[in-house]
Amino acid sequence: MHFTPNVNLPRYRVALYGVVVWMTLVILGGFLLDIPRINILEHTARNLYFHVPMWFTMLAASFVSGYQSYKVLKHNDLIHDIRAVEASRLGVLFGLMGLITGSVWARYTWYVGTPIWWNFDPKQSLAAIGVLIYGAYFVLRSSVDDPEKRARIAAVYNLFASSTLPFLLYVVPRQLDSLHPGAEGNPAFSDITHPIMRLVFYPAVIGFIGLFWVIYTQRVRAGVVEERIAQREEHG
Amino acid sequence: MTIHPILQETPQEAGQTGDGAIHTAYDSTWATAQIPEQGPLGSEQYMLAEDKLFVVLAVVLIIWAGLALYLFRTDRKLARLERALEERS
């Protein structure tokens with residue numbers, strides 16, 4: 001299996017500084033700008049800017065990992081395996097954070113006075129299943145010793161895993177009874193969200209995906225360094 | 001020494017909700033004592049407004065600053081490692 005370590009550093013540097021500035025502005029805007037006064041939600045409506053981007057980021061991570069897995073199978077190059085793993089890892093991290101933030105938000109907003117931290121909302125449960133599907137990817141990887149074989153087997157599984165996410169997170173929940181907007185085929189997000197919230201929400205999505213990209217690139221660089229050291233030790 | 005001494009609960013105070021608040025022995029003195037006459041001054045004028053939302057903002061900004069610092073530190077560490085690897089080969 002080849003290994004062509006290539007990371008676009010100038011582009012990464014731009015992204016790093018850009019994301020730090022961008023996310024600072026998103027945070028400031030998220031707290032300082034007005035929001036419509038909504039019953040029950042009150043200020044928690046601002047969670048829109050932080051909880052929802054977790055899922056957009058997980059989807060983005062799944063696209064990256066799926067694409068890199070395809071590249072593993074096509075080019076037989078270890079760099080794509082490293083990229084697929086790190087993208088999946090971050091996807092799981094953002095997914096977990098999305099689940100936890102959603103659970104806490106719901107508990108103190110719609111389930112006040114009850115001990116309900118998980119209400120088996122379709123989107124919530126299917127998202128958890130999506131995270132588990134990605135978790136199985138890592139279990140699979142740990143079961144194969146040979147790096148080449150591991151890369152190829154894992155890539156095949158990842159293609160399946162990343163293709164399930166759009167259905168689990170978006171298509172199916174919209175058809176079912178749900179606390180989330182857009183349930184039962186109702187108008188989804190765009191029709192019910194006040195314009196001023198979109199001013200922060202869309203940049204927040206972009207910002208979090210940018211943040212994912214920066215951390216992902218850092219982890220890929222670290223993986224490349226590790227692999228280069230490992231290969232050097234092999235060849236003496 | 002405690003700045004806010006623990007209150008002696010009287011039977012009628014315990015659990016009473018006159019203004020909707022819950023009174024317990026560990027309540028801040030603000031719950032039962034005199035409300036200060038003059039309004040907040042200086043930075044408090046800003047931070048205490050909007051149901052103390054800006055306190056949350058401050059917390060989030062501090063966390064974010066820490067994360068950004070971590071990102072920059074990792075970046076520098078990686079650059080150092082990559083440089084060391086280049087020099088070796």
Matching residues in the range A:106-115 - criterion: being of a type outside the set (S, T, N, Q) and farther than 23 Å from A:Q175 by Cβ: A:R107, A:Y108, A:Y111, A:V112, A:G113, A:P115
Out of A:H80, A:H75, A:H51, A:H43, report the one residue that is within 11 Å of another protein chain (Cβ to nearest Cβ) and on the phi < 0 side of the Ramachandran plot. A:H43
Within the range A:20-40, count every residue that is more than 8 Å from every other protein chain (Cβ to nearest Cβ) and assigned to a helix (DSSP H, G or I). 6
Is it the case, given these coordinates, that A:T57 is within 29 Å of A:Y134 (Cβ to Cβ) and assigned to a helix (DSSP H, G or I)? yes
Output the number of residues of the range B:57-79 satisfying the condition of being farther than 21 Å from A:W213 by Cα and more than 9 Å from chain A (Cβ to nearest Cβ). 3
Any pair with Cβ under 8 angstrom, 6 or more apart, that starts in the range B:46-61 at a residue that is hydroxyl-bearing (S, T, Y) and ends at one that is surrounded by 11 or more Cβ atoms within 10 Å (Cβ to Cβ): B:Y46/B:F54
Anything in the range A:114-128 that is part of a helix (DSSP H, G or I) and either in contact with a Ser or Thr (Cβ under 8 Å, 6 or more places away or on another chain) or within 13 Å of A:M58 (Cβ to Cβ) (or both)? List them, or say none. A:P122, A:K123, A:Q124, A:L126, A:A127, A:A128
Can you find a residue in the range B:41-56 that is more than 30 Å from A:R37 (Cα to Cα), surrounded by 11 or more Cβ atoms within 10 Å (Cβ to Cβ), more than 10 Å from chain A (Cβ to nearest Cβ) and modelled with pLDDT under 85? no
I need every pair where a residue in the range A:3-16 that is within 10 Å of chain B (Cβ to nearest Cβ) has its Cβ under 9 Å from the Cβ of a residue that is among the polar types (S, T, N, Q) and assigned to a helix (DSSP H, G or I), sequence separation at least 6 or different chains. A:V7/A:T217; A:L9/A:T217; A:Y12/A:T217; A:Y12/A:Q218; A:L16/A:T217; A:L16/A:Q218
Can you confirm whether B:T32 is in contact with an Asp or Glu (Cβ under 9 Å, 6 or more places away or on another chain), on the phi < 0 side of the Ramachandran plot and either modelled with pLDDT of 85 or more or more than 12 Å from chain A (Cβ to nearest Cβ) (or both)? yes
Find the residue count for the range A:62-113, including only residues that are under 16 Å from A:N47 (Cβ atoms) and either charged (D, E, K, R) or in a helix (DSSP H, G or I) (or both). 14
Scanning the range A:170-221 for residues that are assigned to a helix (DSSP H, G or I), at pLDDT below 75 and not charged (D, E, K, R) gives A:A183, A:G185, A:F189, A:S190, A:I192
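The values are calculated or read from the model by the stated rules, or taken from the named source; none is laboratory data. Since the model is a prediction, treat every value here as computed from it, not as a measurement. Cβ atoms come from the backbone with ideal geometry, glycine included; neighbour counts cover every protein chain shown.
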